[in-house]
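Taking it in order: structure first as structure tokens, then the write-up.
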Amino acid sequence: MIDPAAVAWGGAATGLGTIVLLHGYGSNERELLNQVLRVLPEFALASLRGPVTEGPGNGWVSLNRSLTDLDPGAISALADGVSAGVMAWLDGAQHREPVGLLGVSQGGVLALHLLRRAPERFSFAVNLSGYVLAGRVAGDEILERNHPPVFWGRGTRDELVRAADVERTSAWLARHSTATIRTYDLEHAESEAEYGDVAAFVRSVAEGPSQRHLATRPVP
């Protein structure tokens, strides 16, 4: 479950909408909030703390057990449990609509999984240094019809996001979303240029459906 007392809020409480922030493995809610606050201060930002204590911070799924030893169904079940906790928190939180998702690494995987589980609740998703989980999720059929805006940013030298993850995510996005895809000369990390691209994407979504478009280009 998500601890409401550990949620870090920032930005404009009466702004254009709420962005739920989902940090990466071993990070924390304050670190991601501070990064996004610099580029998107006009939105209400709610940065959640992962429920698992990992390394110097927190995570959403413990890496003390090897995820590669689990079949896709077991991994999806873990993500379902965490997603249910996030949505239960959202049900009880005072927030401004519409709600978008922005996640990094594990949080990026979770952002896409939340969109798949409850496509009617979220207006967009941002996945940085993450991927989409294998298998079919109940909301995929709705996404195939609605094609919500999704931003996917990744490093071309990221060894934690495998070639199979990239191939699966690329195919899934093409079928289920209006995707803005950016690649960067990075390992498993994000850059100032990437966060600038994220800010431009979120603002274009906020301006209305006419601003949504497929845009794929490499960034050196």
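Every read-out reported here was derived from the displayed coordinates using simple, explicitly stated rules and does not represent laboratory data. This structure is a prediction, so every number in the text was calculated from the model and none was measured. With ideal geometry, Cβ positions are generated from the backbone for all residues, glycine too; neighbour counts draw on all protein chains shown.
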field: FRET E, pair GLU187, THR53, Förster distance 25 Å, beta-carbon r, rounded to 0.05
entry: 0.50
- request: Within 10 Å, count the other beta carbons around each residue, average over each peptide in 136-142, 75-81, and list them highest first.
  value: 75-81, 136-142
message: Can you show me the helix-derived [θ] at 222 nm for the chain, built from DSSP H runs with n ≥ 4 at -39,500 (n - 2.57) apiece and divided by the number of residues, rounded to the nearest 500.
response: -11500 deg cm²/dmol
- prompt: Pick from LEU160, LEU128, LEU40: which residue has the top mean-square fluctuation in a GNM of the chain where Cα pairs under 10 Å get a spring?
  reply: LEU160
Added length on full extension, which subtracts the Cα-Cα distance from 0.36 nm per residue, ALA77 to ALA171: 31.7 nm
- line: Spelling it out for PHE151: with amide H atoms placed in the peptide plane at 1.01 Å from N, the residues 5 or more places away or on another chain with amide H under 5 Å from its amide H are ALA125, VAL126, ASN127, THR180
query: To the nearest 0.05, what FRET efficiency results for ALA200 and ASN146 with a Förster distance of 22 Å applied to their C-beta separation?
result: 0.50
statement: Sorted by chain and then number, the residues having a modelled amide H within less than 5 Å of the amide H of ALA189, at least 5 places away or on another chain, are GLY155
query: What residues of the range 108-129 lie in the reach of a label at ASN34, counting those whose backbone N is under 11 Å from a point 7 Å from the Cα along Cα→Cβ?
result: none
- request: Starting at the first residue of the range 147-160, write each ³J(HN,Hα) from the Karplus equation 6.51 cos²θ - 1.76 cosθ + 1.60 with θ = phi - 60°, in whole Hz, x for Gly and Pro.
  value: 6, x, x, 9, 9, 10, x, 8, x, 6, 10, 7, 7, 7
- prompt: Can you run phi through the Karplus equation (6.51, -1.76, 1.60; θ = phi - 60°) for the range 176-183 and list ³J(HN,Hα) in whole Hz, with x for Gly and Pro?
  reply: 10, 8, 9, 9, 10, 10, 10, 10
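Net charge around GLY153, counting only other residues with Cβ within less than 10 Å of its Cβ (Lys, Arg = +1; Asp, Glu = -1)?
My count for the surroundings of GLY153 gives -1.
Starting from the Cα gyration tensor of the chain, take the square roots of the eigenvalues, sort them a ≥ b ≥ c, and report rounded, prolate or oblate (rounded when a/c is under 1.5, otherwise prolate if a/b is larger than b/c, else oblate).
Cα axes put the chain in the rounded bin.
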- request: In whole angstrom, note down how far apart the Cα centers of the range 5-45 and the range 99-127 are.
  value: 14
- prompt: Rounded to the nearest 5, what % of the DSSP beta bridges within the chain are antiparallel ones?
  reply: 20
task: Select from GLY130, GLY55, GLY11 the residue whose mean-square fluctuation is largest in a Gaussian network model of the chain (Cα-Cα springs shorter than 10 Å).
output: GLY55
task: With springs connecting C-alpha atoms under 10 Å apart, model the chain as a Gaussian network and identify which of GLY135, GLY59, GLY153 has the largest mean-square fluctuation.
output: GLY135
task: Could you order peptides 167-174, 88-95, 199-206, 45-52 by the average number of other Cβ atoms within 10 Å of their residues, highest first?
output: 45-52, 199-206, 167-174, 88-95
message: 5 Å is the cut-off here: which amide hydrogens, built 1.01 Å from N in the peptide plane, fall below it relative to SER105, excluding neighbours closer than 5 in sequence?
response: LEU128, SER129, GLY130
